[in-house]
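Below is one structure, written out as structure tokens, with a few remarks after it.
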Amino acid sequence: MRVGIYHNDVPASLPIVAQLKAELTHAGVPIDQESPEVVVSVGGDGTLLGAFHRYIGLGDQVRFVGLHTGHLGFYTDWLGSEVTELVQSLLSDNGQRVSYPILQMTTTTKTGETNRYLALNEATFKQPVGTLVADIYLGDQMFEGFRGDGVAVATPTGSTAYNKANGGAVLHPSLSAIQMSEIASINNRVFRTLGSPLVVPAGQKITVKPQIDKFLITCDQLEIFAQDVVSAEFEVADQKVHFAPYRHLNFWKRVQNAFISESLG
Ligand code: NAP
């Protein structure tokens, strides 16, 4: 089995990466940074987002494993002190996987050019200086005129990230759905939006049509070149993200550990 390693450059990660490389080499596991079957991300959840964008283009061939050099996160099941155990799990790998829905965003420019992006957490439309003005469609139907800082459209696994800060619900990742949340919407007698998060099932689209020229589009931690974009469609992607579940924490346990108390349960 070919293993790729993706890591951040914080001082805590580098010795762990060195140990991981040494133990994989000693065990005869080939390290392949171009076409891996399993990618070990060393860092935090943010690092795993980077690994996702580096390797998701390989499609169903690739599975991810997260090794956290701080605390356990939403995409990380292993701690930095557990490299040897992780290598043992890689050696007894039998192709097992757990798969979660991801978000597809398709942007269209003034000239009709379309671009497709995949997100593991969310994509956003934002106007960081002034007000984002955008028409929001559900399916083919114009639903609301939005004014405010922006909107985020999140996956179920991303529902605990930016989406949660926007007052969105935490969704179990077995649900094939996306969730739109508002970022500081203006709501008064003149401007009105639903004002609550909205969950849309696979097969249905949310479309955002900006009514201003300057705005920002993000896809997880990446900024997307937004110039001339006249609309963006959001939907559950056909493709999924796969994790190698050698050790895979229960989702609600992760939520509890992250937001309530590590000592519970
Ligand atoms: P960052 O600003 O350095 O870190 C964002 C924080 O979100 C980190 O603590 C990260 O955990 C955590 N995180 C990432 N994915 C998560 C998930 N699915 N559930 C719960 N927490 C999660 O940026 P980054 O590390 O590059 O991550 C980009 C993400 O930041 C975006 O996808 C967005 O979700 C999030 N974000 C949140 C806000 C907000 O809450 N107001 C604003 C902007 C962006 P680790 O420490 O383990 O890396």
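Less than 10 Å Cβ to Cβ from residue 131, Lys/Arg counted +1 and Asp/Glu -1: what total charge do the surrounding residues give?
Net of charged neighbours comes to 0.
Provide the FRET efficiency to the nearest 0.05 for the residue 129-residue 196 pair, computing r from the beta carbons and using R0 = 41 Å.
It comes out at approximately 0.95.
Hey, what did the stretch 120-265 get for relative contact order, percent, Cα under 8 Å, at least 6 apart?
Relative contact order for the stretch 120-265 comes out at 25 percent.
Using a 7 Å offset from the Cα along the Cα-to-Cβ direction at both residue 113 and residue 58, what is the distance between the two label points in nm, to one decimal?
Taking the simple label geometry, residue 113 and residue 58 are separated by 2.9 nm.
Can you give the FRET efficiency for residue 143 and residue 262, using 1/(1 + (r/R0)^6), R0 = 41 Å, r = Cβ-Cβ distance, to the nearest 0.05?
Efficiency, from the Cβ-Cβ distance: 0.55.
Taking N as the number of residues in the chain, what is its Cα Rg relative to 2.2 N^0.38 Å?
Relative to the 2.2 N^0.38 Å estimate, the chain comes out at 1.08.
Using only helices, what value at 222 nm comes out for the chain when you add -39,500 (n - 2.57) per DSSP H run of length 4 or more and divide by the total residues, to the nearest 500 deg cm²/dmol?
My calculation for the chain gives -5000 deg cm²/dmol from helical runs alone.
Roughly to the nearest percent, how much of the accessible area of the chain is carbon and sulfur, given a 1.4 Å probe?
C and S fraction of accessible area: 51 percent.
Would you work out the charge dipole size for the stretch 103-244 about its Cα centre, treating the Cβ of every Lys and Arg as +1 and the Cβ of every Asp and Glu as -1, and quote it to the nearest 20 debye?
280 debye
From the phi angles alone, apply the Karplus equation (6.51, -1.76, 1.60; θ = phi - 60°) to the stretch 30-41 and give each ³J(HN,Hα) in whole Hz, x where the residue is Gly or Pro.
x, 9, 10, 7, 9, 9, x, 9, 10, 10, 9, 9
At 7 Å along Cα-to-Cβ for each site, give me the label-to-label distance between residue 184 and residue 165 in nm.
Between residue 184 and residue 165, the label points sit 1.2 nm apart.
Using Cα pairs closer than 8 Å and at least 6 residues apart in sequence, work out the relative contact order for the chain, in percent.
The normalised contact order for the chain reaches 20 percent.
Using a Förster distance of 41 Å, how high is the FRET efficiency between residue 34 and residue 211, based on the Cβ-Cβ distance and rounded to 0.05?
Efficiency, rounded to the nearest 0.05: 0.45.
At 1.4 Å probe size, with every protein chain present, just tell me what the per residue accessible area of the chain comes to in Å².
Averaged over the residues of the chain, the accessible area is 46 Å².
Between the stretch 211-265 and the stretch 109-167, how far is it from one alpha carbon centroid to the other, in angstrom?
12 Å
What net charge do the residues around residue 181 carry, taking every other residue with its C-beta under 13 Å from that of residue 181, with Lys and Arg at +1 and Asp and Glu at -1?
Residues close to residue 181 contribute a combined charge of -1.
For helix 45-55, what angle does its Cα long axis make with the longest principal axis of the chain, in degrees from 0 to 90 and rounded to 10?
Between helix and principal axis, roughly 90 degrees.
What net charge is computed for the residues neighbouring residue 248, neighbours being all others with C-beta under 12 Å from the C-beta of residue 248, Lys and Arg scored +1, Asp and Glu -1?
Spelling it out: positives minus negatives among the neighbours equals +4.
In whole Hz, what ³J(HN,Hα) sequence does the stretch 101-106 give by Karplus (6.51, -1.76, 1.60; θ = phi - 60°), x for Gly and Pro?
x, 10, 9, 10, 10, 10
Give the long-range amide H neighbours of residue 204: residues separated by 5 or more places, or on another chain, with amide H under 5 Å away, using H modelled in the peptide plane at 1.01 Å from N.
Correct list: 236.
The values are calculated or read from the model by the stated rules, or taken from the named source; none is laboratory data. Everything numeric in this text was worked out from a predicted model, so none of it was measured. Positions of Cβ are backbone-derived with ideal geometry, glycine not excepted, and every protein chain shown enters the neighbour counts. Protein only, heavy atoms only, side chains kept; ligands, DNA and RNA dropped before computing areas. Shrake-Rupley method; radii C 1.70, N 1.55, O 1.52, S 1.80 Å.
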